[in-house]
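Here's the structure, in structure tokens; my notes come after.
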Amino acid sequence: MLQSMREFKAGVFQALAHPTRVGIIEQLRLGELSVGQLCEKLGIEQANASQHLAILRSKHLVETRKDGNQIFYRLRDPLLGDVLEALRKYFLAHINEALAILREEKHAAKETKKPLSGVHR
């Protein structure tokens, strides 16, 4: 595989490396939205949304359309939404394994907190 392709992929994942940006992509997967609509759906301030949208724009993951004084965003390519859907499926496929690990850790934590038998205070 070419180094340039690896760098491209890393750049996309870097742009998605924040939960708010993932949320923006998830919302835009459903269709075009204004900045105000995105803020409302994600519960974030407009300044915060603008910063995240700028990063997504810089990586060419979203496109804009201006209508009057409103800016609308959409995914540049719906395949990006499919990537996030594939990650969701991956998570669900492996959640039982993760839950088993968490149960083991919880059990081990309880074991280390048990008072030693025969030791009195």
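The values are calculated or read from the model by the stated rules, or taken from the named source; none is laboratory data. Since the model is a prediction, treat every value here as computed from it, not as a measurement. Virtual Cβ from ideal backbone geometry, glycine too; neighbours counted across all protein chains shown. The area values use the complete protein model at the heavy-atom level, side chains included, leaving out ligands, DNA and RNA. Shrake-Rupley method; radii C 1.70, N 1.55, O 1.52, S 1.80 Å.
Worth a mention:
- Any hit, region 94-101, residues being open to solvent by 50 Å² or more (accessible area, probe 1.4 Å) and either among the basic types (Lys, Arg) or in contact with a helix residue (DSSP H, G or I) (Cβ under 9 Å, 6 or more places away or on another chain) (or both): no
- Reported count of residues in region 102-115, each being open to solvent by 80 Å² or more (accessible area, probe 1.4 Å) and either aliphatic (A, V, I, L, M) or in contact with a Gly (Cβ under 9 Å, 6 or more places away or on another chain) (or both), is 1.
- When region 63-102 is filtered for residues that are among the β-branched types (Val, Ile, Thr) and farther than 16 Å from Lys9 by Cα, the ones remaining, listed by number, are Thr64, Ile71, Ile95, Ile101.
- Helices (runs of 4 or more DSSP H) enclosed by region 1-85 - at least 2 residues per element that are of a type in the set (A, V, I, L, M, F, W, C) and open to solvent by 40 Å² or more (accessible area, probe 1.4 Å): 3-15, 46-58
- Checked against (1) modelled with pLDDT under 95; (2) over 22 Å from the mean Cα position of the chain (by Cα), Phe91 meets all criteria but (2).
- Unique match (being of a type in the set (Val, Ile, Thr) and modelled with pLDDT under 95) among Ile101, Ile44, Ile55: Ile101
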